[in-house]
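Following: one structure in structure tokens, then a few remarks.
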Amino acid sequence: MMKRKIIGWLVGASLAALAGSPASAQELTIFWAEWDPANYLQELVLDYEAETGVTVTVETTPWGDFQTKTFAELNAQGDAYDMVVGDSQWLGQASTGGHYVDLTDWIKEKGVDKTFVPATLQYYALYDGKYWSVPLEGDANGWAYRKDWFEDPAEMAAFKEKYGYDLGVPKDYKQLIDIAEFFHRPDENRYGVALYTQTAYDAMAMGVEQTIFSWGGDLGNYETNQVEGILNSDRNVEALEAYRKLYTFTPPNWTQAFFAENNQAFTEGLVALNMNYFAFFPALANPATNPHSEATGYFANPPGPYGDHHAALGGQGISVIEYSKNKEEAYKFLEWFIRPEVQQKWAELGGYTAHAETLASDKFLNATPYNQAFADSMEIVKDFWANPVFADMLFQMNDRLHPYITTGEGSAKEALDALAKDWNETLGN
């Protein structure tokens with residue numbers, strides 16, 4: 001009798017383990033910001049559910065509280081989410097805080113370090129010599145423009161007469177500024193450019209850093225934490241002055257603009273040029289949301305005056321949360337996600353793949369009018385600080401630079417000097 005009970009207990013325990021252990025979880029929850037790519041991911045994971053029987057829920061929250069809500073859960077060591085599609089700047093804080101699972105061995109074992117675009121691994125996944133994420137949503141800051149305005153014979157002739165060269169996709173920042181100036185006609189309710197100026201999170205910082213990088217500048221030495229002489233260099237001063245000049249060609253009251261405002265100005269026919277992340281360009285290619293879709297062109301951020309060519313990194317990597325009870329299933333999901341056929345499907349749905357083979361394929365490059373510009377951009381991306389105090393540094397940047405950019409208060413040199421002082425204190429220099 002005792003032997004039969006023991007056998008029965010072992011069988012029952014085995015069945016319970018199969019049904020309810022973390023290794024065979026029936027549901028996974030991914031946390032992300034509320035935007036179209038999250039919707040694409042929710043559609044993509046239906047294939048995983050059909051293949052495995054595991055339900056994957058993509059839970060979202062508005063961008064404005066995405067960081068706050070994520071880190072509140074992480075700091076509480078909560079298990080509400082199994083994975084998070086987090087910003088690249090979070091890597092330092094999330095890894096040193098023990099919140100992300102170290103994926104270094106897994107990434108090397110599965111060949112992710114050989115099959116994904118190097119820049120995306122560097123910025124979305126790598127911190128302090130270890131990998132903490134798998135690149136999921138590649139993105140970069142690019143440009144949309146009104147092809148019909150650019151190709152109008154009268155506009156072309158007037159531009160050539162004024163600037164001495166042909167109107168077209170700008171070959172450098174000087175031409176970008178010239179074009180914004182040329183089309184800026186407030187009396188006609190037409191303006192040159194829609195720029196990022198919002199200070200609620202990283203919008204303005206991304207627009208500014210993209211310009212700084214294109215002048216050959218940097219935000220500091222990310223390895224040594226040196227700021228003085230780098231952040232407030234002569235080239236960075238020139239770059240900030242250029243961003244301020246571009247701002248003077250924006251629509252009225254353009255002091256807190258991000259992706260929605262920029263796209264709206266473009267679809268309403270107000271601006272010639274629209275700075276935005278590529279993730280928001282599908283709306284511009286859709287006739288239902290952009291009446292000028294057929295007349296919309298796209299290009300990567302142009303080089304600066306010294307030949308430096310960069311774009312601000314957007315996008316996110318997906319990380320496994322240390323407090324998840326479903327880590328084994330999370331690993332299985334990631335192994336499914338990196339498969340070439342899944343990456344191709346991800347791209348077809350509207351996600352921006354970071355898988356090198358898919359990104360370089362003719363099928364991807366020709367799928368939309370902006371994919372070529374996106375692929376070009378992913379080869380030139382650079383990013384903001386990713387250290388544990390990045391959030392403080394980000395808001396200090398917003399506070400110091402916004403008054404100069406939007407009102408011309410003070411000078412670019414004074415703004416950068418003040419920011420350098422703030423960052424030195426924050427970094428403990």
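The values are calculated or read from the model by the stated rules, or taken from the named source; none is laboratory data. This structure is a prediction, so every number in the text was calculated from the model and none was measured. For neighbour counting, all protein chains shown are included, and Cβ atoms are generated from backbone atoms with ideal geometry for every residue, glycine included. SASA here: full protein model, heavy atoms, side chains in, ligands and nucleic acids out. Shrake-Rupley method; radii C 1.70, N 1.55, O 1.52, S 1.80 Å.
The number of residues in the stretch 129-178 that are assigned to a strand (DSSP E or B) and touching a residue at least 60 places away in the same chain (Cβ under 8 Å) comes to 13.
Considering the conditions (1) surrounded by 13 or more Cβ atoms within 10 Å (Cβ to Cβ); (2) among the aromatic types (F, W, Y); (3) farther than 23 Å from E294 by Cβ; (4) at pLDDT 95 or above, F182 is excluded by exactly one of them, (3). For the stretch 397-410, residues that are in contact (Cβ under 8 Å) with a residue 24 or more places away in the chain and surrounded by fewer than 18 Cβ atoms within 10 Å (Cβ to Cβ) total 2. Here T255 passes the criteria (1) at pLDDT below 95; (2) open to solvent by 30 Å² or more (accessible area, probe 1.4 Å) except the one numbered (1). Considering only the stretch 399-406, I want to know if a residue exists there that is β-branched (V, I, T) and either more than 23 Å from the chain's Cα centre (by Cα) or not in a strand (DSSP E or B) (or both). Yes, the stretch 399-406 contains a residue that is β-branched (V, I, T) and either more than 23 Å from the chain's Cα centre (by Cα) or not in a strand (DSSP E or B) (or both).
Being small (G, A, S) and within 22 Å of Y173 (Cβ to Cβ) is a property that A260 lacks. What residue, among those in the stretch 372-390 that are closer than 25 Å to N301 by Cβ and more than 16 Å from the chain's Cα centre (by Cα), is most open to solvent (accessible area, probe 1.4 Å)? Ranking the candidates gives Q372 first. For the stretch 376-389, the criterion of a residue being touching a residue at least 60 places away in the same chain (Cβ under 8 Å), part of a helix (DSSP H, G or I) and either charged (D, E, K, R) or more than 24 Å from S95 (Cβ to Cβ) (or both) is satisfied by at least one position. Does L91 satisfy the condition of being over 20 Å from the mean Cα position of the chain (by Cα) and modelled with pLDDT of 95 or more? Answer is no for this residue. Among the residues making up the stretch 102-116, a single one is within 21 Å of A386 (Cα to Cα), β-branched (V, I, T) and open to solvent by 10 Å² or more (accessible area, probe 1.4 Å): T104.
Restricting attention to the stretch 357-371, the residues that are surrounded by fewer than 17 Cβ atoms within 10 Å (Cβ to Cβ) and over 23 Å from Y145 (Cα atoms) add up to 4. For the stretch 42-65, residues that are assigned to a helix (DSSP H, G or I) and either modelled with pLDDT of 95 or more or surrounded by fewer than 15 Cβ atoms within 10 Å (Cβ to Cβ) (or both) total 13. Scanning the stretch 67-85 for residues that are at pLDDT 95 or above, surrounded by 14 or more Cβ atoms within 10 Å (Cβ to Cβ) and assigned to a helix (DSSP H, G or I) yields K69, T70, F71, E73, L74. Scanning the stretch 331-356 for residues that are surrounded by fewer than 22 Cβ atoms within 10 Å (Cβ to Cβ), within 22 Å of K108 (Cβ to Cβ) and among the small types (G, A, S) yields a single hit, A356. Of the residues making up the stretch 214-246, those that are surrounded by 18 or more Cβ atoms within 10 Å (Cβ to Cβ), under 11 Å from Y173 (Cβ atoms) and not hydroxyl-bearing (S, T, Y) are W215, E238, A239, A242, L246.
Among the residues making up the stretch 268-292, those that are more than 18 Å from R190 (Cα to Cα), of a type in the set (G, A, S) and not in a loop (DSSP other than H, G, I, E, B) are A279, A283, A285. Somewhere in the stretch 330-348, is a residue part of a loop (DSSP other than H, G, I, E, B), closer than 23 Å to L121 by Cα, touching a Gly at 6+ places or on another chain (Cβ under 9 Å) and in contact (Cβ under 8 Å) with a residue 12 or more places away in the chain? Within the stretch 330-348 (the criterion being part of a loop (DSSP other than H, G, I, E, B), closer than 23 Å to L121 by Cα, touching a Gly at 6+ places or on another chain (Cβ under 9 Å) and in contact (Cβ under 8 Å) with a residue 12 or more places away in the chain), the answer is yes, since at least one residue qualifies.
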